[in-house]
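A short write-up of the structure that comes next.
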Amino acid sequence: MSTPVREERDYYERIYTASEQVPRGQVATYGDIAAIVGDGCDARIVGHALGALGARSATVPWQRIINRTGGISTSGHGQRELLVEEGVAFDERGHVRMDAHHWPGPSEEWARAHGFQSLPKRPGSAPDPQLRLF
DNA sequence: TGAGTGACCGGGG
DNA sequence: ACCCCGGCCACTC
């Protein structure tokens, strides 16, 4: 019998590919990335994968992956500054304004074409049909 | 072996 | 929003 056991490392490349889809100025949670990767991936594996980026941190926008509360889980890497630099707003408590910056996930088309999952719709935050720019 | 820890999450109160 | 708890997986005493 074959062993269906999957090592954490087996998820890494897909985690990096999924993370690369998060646009500048938006953020995703560790759980979001895990759900997009699917196939048993979980949020902690995503954290481990990003922690193991090394030189690839230059091409994977790891700073856009944060925890579910909108908080920064890293320290000493300037993650917050990088996000501020790309226009992400924080509240007084130091959390990202998720209602304004939470990435809705990849398009159905992209996900299907590349073997990833798309995220379920979040009823709470509508894609701002009533957000007026002035 | 078992407890603790980590770039975590969801549910319930 | 908070805290608590269980689940998650790999690693380290």
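So what is the 222 nm mean residue ellipticity for chain A from helices alone, if each DSSP H run of at least 4 adds -39500 (n - 2.57) and you divide by all residues, rounding to the nearest 500 deg cm²/dmol?
About -9000 deg cm²/dmol.
As a fraction of the 1.4 Å probe accessible area of chain A, surface on carbon and sulfur atoms comes out at 50 percent. Annotation: per residue accessible area for chain A equals 65 Å², rounded to a whole number [probe 1.4 Å, protein chains only].
Derived scalar couplings between HN and Hα for the stretch A:67-78 equal 8, 5, 8, x, x, 8, 8, 8, 8, x, 10, x Hz in order, rounded to whole Hz, by the Karplus curve 6.51 cos²θ - 1.76 cosθ + 1.60 (θ = phi - 60°), x for Gly and Pro. Say R0 is 35 Å: what FRET efficiency, to the nearest 0.05, do A:SER75 and A:LYS121 get from their beta-carbon distance? About 0.55, to the nearest 0.05.
The calculated Kirkwood hydrodynamic radius for chain A is 15.7 Å, given to one decimal from all distinct C-alpha pairs.
Note on the stretch A:9-114: with charges restricted to the Cβ of Lys and Arg (+1) and Asp and Glu (-1), its dipole about the Cα centre is near 220 debye.
The values are calculated or read from the model by the stated rules, or taken from the named source; none is laboratory data. Computed from a predicted structure; not experimentally measured. Methodologically, a virtual Cβ is constructed for each residue, glycine included, from the backbone with ideal geometry; neighbour enumeration extends over all protein chains shown. Each accessible area value is taken on the protein alone, full model and side chains, heavy atoms only, with ligands, DNA and RNA left out. Shrake-Rupley method; radii C 1.70, N 1.55, O 1.52, S 1.80 Å.
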